[in-house]
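Written below as structure tokens is the structure these notes are about.
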């Protein structure tokens with residue numbers, strides 16, 4: 001019987017995890033199958049019991065289960081505890097362990113693609129949700145000089161800044177309102193909001209274009225389309241850019257390595273996703 005893997009979410013039809021993981025499984029000739037399972041939030045506990053009973057090798061979690069799963073697992077890693085969310089489950093004998101590869105996947109992707117170091121960076125994150133928490137944790141772990149959070153609802157940014165300071169009390173972490181963004185010195189800007197996503201505020205930017213400049217590094221977690229309005233505007237101003245596809249692939253590769261003890265080909269996973277996106281969003285890729 002093949003090793004079983006799945007991504008759990010609600011809804012789940014949009015997930016590209018089966019595409020990239022099954023491509024990696026085929027490339028490495030693993031006897032395994034990765035599928036997507038729609039799980040209502042009220043049934044997550046039962047679904048996790050089912051994973052254990054059916055002998056699943058592991059699983060990924062996506063919206064809305066990442067935070068809800070933390071107290072339902074046998075144990076979680078330190079990084080998952082700091083982020084307050086689980087995106088990867090792996091087995092340790094009979095125990096289900098929760099981990100989070102989102103922040104590490106983003107950090108690996110941007111440093112590999114742009115050949116840069118996050119250490120000493122003055123970073124600005126747009127957004128205050130789960131993705132902002134993961135990226136913020138990765139930046140602080142990497143030794144960024146300062147971290148600024150900005151969100152349309154500034155109270156959420158202030159709350160996240162306070163939360164991150166509880167884990168990193170010696171780091172410079174602040175929250176600002178959008179009108180004050182022009183006063184922030186930054187080397188790196190990361191958009192963790194869905195602004196600019198296909199079908200969701202499409203064609204818009206999460207910040208004013210006047211904030212972009214030559215030498216700035218701009219990372220947009222949106223990957224539908226691959227060339228977001230923010231990425232296009234940043235390139236026009238001479239900034240170095242990093243798209244969201246790399247984070248998706250790298251966080252998936254880290255999950256894969258936990259399950260199989262072997263690192264998959266990033267190019268194989270990225271090519272599989274790119275082909276899928278080209279089919280569904282031919283004008284957006």
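Structure notes:
- Scanning segment 225-238 for residues that are surrounded by 19 or more Cβ atoms within 10 Å (Cβ to Cβ) and in contact with a strand residue (DSSP E or B) (Cβ under 6 Å, 6 or more places away or on another chain) yields 228, 230, 231, 234.
- Hits in segment 163-202 (condition: part of a loop (DSSP other than H, G, I, E, B) and within 17 Å of the chain's Cα centre (by Cα)): 192, 193, 194, 195, 196
- Matching residues in segment 163-186 - criterion: being loosely packed, with under 12 Cβ neighbours inside 10 Å and at pLDDT 95 or above: 166, 169, 170
- Residue among 172, 218, 190 that alone is in contact with a strand residue (DSSP E or B) (Cβ under 8 Å, 6 or more places away or on another chain), in the same structural domain as residue 132 (by TED's automatic domain parsing) and over 24 Å from residue 84 (Cα atoms): 218
- Residue among 206, 225 that alone is touching a helix residue (DSSP H, G or I) at 6+ places or on another chain (Cβ under 7 Å) and assigned to a loop (DSSP other than H, G, I, E, B): 206
- Complete set of residues in segment 187-204 that are modelled with pLDDT of 95 or more and crowded, with 18+ Cβ neighbours inside 10 Å: 188, 189, 190, 191, 192, 193
- Residue 158 vs. criteria surrounded by fewer than 23 Cβ atoms within 10 Å (Cβ to Cβ), modelled with pLDDT of 95 or more, over 19 Å from residue 63 (Cβ atoms) and in contact with a strand residue (DSSP E or B) (Cβ under 7 Å, 6 or more places away or on another chain): yes
- Within segment 72-86, tally of residues that are assigned to a helix (DSSP H, G or I) and within 20 Å of residue 137 (Cα to Cα): 6
- The single condition among (1) closer than 22 Å to residue 130 by Cα; (2) within 16 Å of the chain's Cα centre (by Cα) that residue 42 does not satisfy is (2).
- Close pairs (7 angstrom Cβ cut-off, 6 or more residues apart or separate chains): within 18 Å of residue 21 (Cβ to Cβ) in segment 39-58, in a helix (DSSP H, G or I) anywhere: 39/47; 57/259; 58/258; 58/259
The values are calculated or read from the model by the stated rules, or taken from the named source; none is laboratory data. In this text the structure is predicted, and so the values were computed from the model without any measurement. Note: ideal-geometry Cβ built from the backbone for every residue, glycine included; neighbour counts use all protein chains shown.
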